[in-house]
Amino acid sequence: MAVSAVKKKFWKSYPEAIFVTMLILMIIGTINIFSASFIISEMSNQNSFHFLGRHVASMIVGFFAYVVACRVNYKKWENCSWVITFIVIISLVLVCLVGVQVNGARRWIPLVFGFRFQPSELAKIALIMLTASYLSRALDAKKEILLIHKTRREYWVNIICMGIIAALVFKEPDMGTAALICAVPFCMYWVSLTESTLARNQFICICAAIAVIVVYLCVSAPYRLDRVKSWYDPWSSSRNNGYQTTQSIIAIGSGGPLGMGFGEGVSKYAYLPEAHTDFAFAIWCQEEGIPGVLLVFFLYGMLLFYASRIVFRTKDNYGRLLSFGITSLFFIQGTYNMAMVIGMVPVVGVPLPFISYGGTALILNMFNIGILVNIGKSNVRQEKNAQRKSSQVALSQPTHLRRLK
């Protein structure tokens, strides 16, 4: 009797793989945040669990956001994109007026019980939704997609909103997040460009213009120029602008191949600034060594792989662009933060998703994963419906035709 071979899969679906990967990263992040913060937490709040408690509270809120994103059809966010963008602009204006200032930057709106909200994190997904909405409608109508349109009104409204949000974030000041806010929509435009000489020439010209603007912004403010100089040679200013980078490199190197062990890292003892936020990955490297680093690399690789599978399997333009924008956001943030802690790129305020401490960032990252899962589940339903219809068509055919097949 012939036995048909059944191909076993480790995951039932890509959404399940993304959800499990997110949970593992969050467990690692929670462990690492406690280890990296209990010293400064005790020193500043007389409570070793201060930051851990806030992180767990944000995680609970994040699960509600994740459930909402999973349950609400992702196509409904297209209708809400303008409302969310308007809320972001109002929130960023409030930051300028009543925002909380920390380390010379005003980025947060105070809430109850000492919690704070960071509108720039919401701005990331708002602009992804707005850009996906415009580009998908243009693609559905088979209109020409260019980086510069002279007469298309919706295009210029989209660009103006992006410019206003980026300018308000830049004023906080937060050049890194402002650049990220513009970079992801730019990638979405790039993958949607019409295949024409005009589009290609526009892309080259705009890339050159962006390079000029970035150079100007870097040299226009002394503190940004000092950061660039310290990035090029951090050891020459290891007690000033290069202090964070050198301490991060020392933390990673001092851990050795196998790390110092959980809670045993010494760099969090007031040596490495922002040890539980932007430089949380450096503490993880110091304590867990190469095995811990490879584990995080593997998990992020899994997250990006399964997210990209959802992108390629999505049929409608809005879902494909929305999932591509979210995947690009995770890729850019994760890659830049890991490169930053080892001194490959200048230091900016870009946290490592699910590993770095940050309530608003954690909640919205979980919300973004929920959207990806929702799109993935929609793909699964569509594929099952297509298979069911194909089976019904095959069964409706005469018996002799089925035998021929």
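The values are calculated or read from the model by the stated rules, or taken from the named source; none is laboratory data. All figures in this text were calculated on a predicted structure; none of them were measured in a lab. Note that we place each Cβ from the backbone using ideal geometry, even for glycine, and neighbour counts take in every protein chain shown. SASA here: full protein model, heavy atoms, side chains in, ligands and nucleic acids out. Shrake-Rupley method; radii C 1.70, N 1.55, O 1.52, S 1.80 Å.
Each residue in segment 335-357 was checked for being of a type in the set (S, T, N, Q) and in a loop (DSSP other than H, G, I, E, B), and 1 pass. When segment 24-49 is examined, which residues are found to be outside any helix (DSSP H, G or I) and open to solvent by 40 Å² or more (accessible area, probe 1.4 Å)? Of everything in segment 24-49, those that are outside any helix (DSSP H, G or I) and open to solvent by 40 Å² or more (accessible area, probe 1.4 Å) turn out to be Q46, N47, F49. Among residues of segment 268-292 that are free of Cβ contacts under 8 Å to residues at least 12 places away in the same chain, none has a beta-carbon under 9 Å from a residue that is buried (at least 24 other Cβ atoms within 10 Å of the Cβ) and not in a helix (DSSP H, G or I) at least six positions away or on a different chain.
Test I332 against the criterion of being in a helix (DSSP H, G or I), open to solvent by 70 Å² or more (accessible area, probe 1.4 Å) and under 26 Å from W231 (Cβ atoms), and give yes or no. Spell out the reasoning first.
On the way: in a helix (DSSP H, G or I): yes; open to solvent by 70 Å² or more (accessible area, probe 1.4 Å): no; under 26 Å from W231 (Cβ atoms): yes.
Criteria not met by I332.
Where helices (runs of 4 or more DSSP H) fall wholly inside segment 184-259, the ranges with 1 or more residues that are surrounded by 14 or more Cβ atoms within 10 Å (Cβ to Cβ), basic (K, R) and touching a helix residue (DSSP H, G or I) at 6+ places or on another chain (Cβ under 6 Å) are 222-232. For segment 61-91, the tally of residues that are in contact (Cβ under 8 Å) with a residue 60 or more places away in the chain and within 19 Å of the chain's Cα centre (by Cα) stands at 13.
Say whether the condition of being of a type in the set (V, I, T), modelled with pLDDT of 90 or more and touching a Phe, Trp or Tyr at 6+ places or on another chain (Cβ under 6 Å) is met by at least one residue in segment 13-20. Working first, answer last.
From segment 13-20, those of a type in the set (V, I, T) are 18, 20; that's our starting set.
Now restrict to residues that are modelled with pLDDT of 90 or more: 18, 20.
Still in the running and touching a Phe, Trp or Tyr at 6+ places or on another chain (Cβ under 6 Å): 18.
Yes, segment 13-20 contains at least one residue that is of a type in the set (V, I, T), modelled with pLDDT of 90 or more and touching a Phe, Trp or Tyr at 6+ places or on another chain (Cβ under 6 Å).
Give me the residue from segment 274-329 that is of a type in the set (F, W, Y) and either touching an Asp or Glu at 6+ places or on another chain (Cβ under 6 Å) or surrounded by fewer than 18 Cβ atoms within 10 Å (Cβ to Cβ) (or both) and, out of that set, farthest from M260 (Cα to Cα). Step through it out loud before you land on a result.
Kept after step one, since they are of a type in the set (F, W, Y), are these residues of segment 274-329: 279, 281, 284, 297-298, 300, 305-306, 312, 318, 324.
So of that shortlist, the ones also either touching an Asp or Glu at 6+ places or on another chain (Cβ under 6 Å) or surrounded by fewer than 18 Cβ atoms within 10 Å (Cβ to Cβ) (or both) come out as 297-298, 305, 312, 318.
Values: F297: 19, F298: 21, F305: 31, F312: 41, Y318: 47 Å.
The qualifying residue farthest from M260 (Cα to Cα) is Y318.
Among the residues of segment 10-17, at least one is among the small types (G, A, S) and surrounded by fewer than 21 Cβ atoms within 10 Å (Cβ to Cβ). When T360 is tested against the conditions (1) in contact with a strand residue (DSSP E or B) (Cβ under 6 Å, 6 or more places away or on another chain); (2) within 17 Å of G376 (Cα to Cα), the lone failure is (2).
State whether the residues of segment 215-222 include one that is modelled with pLDDT under 80 and not hydrophobic (A, V, I, L, M, F, W, C).
In the first step, residues of segment 215-222 are kept if they are modelled with pLDDT under 80; the result is 217-222.
Restricting the remaining residues to those that are not hydrophobic (A, V, I, L, M, F, W, C) gives 220, 222.
Scanning segment 215-222, I find at least one residue that is modelled with pLDDT under 80 and not hydrophobic (A, V, I, L, M, F, W, C), so the answer is yes.
Being modelled with pLDDT under 90, within 30 Å of D278 (Cα to Cα) and not polar (S, T, N, Q) is not true of G370.
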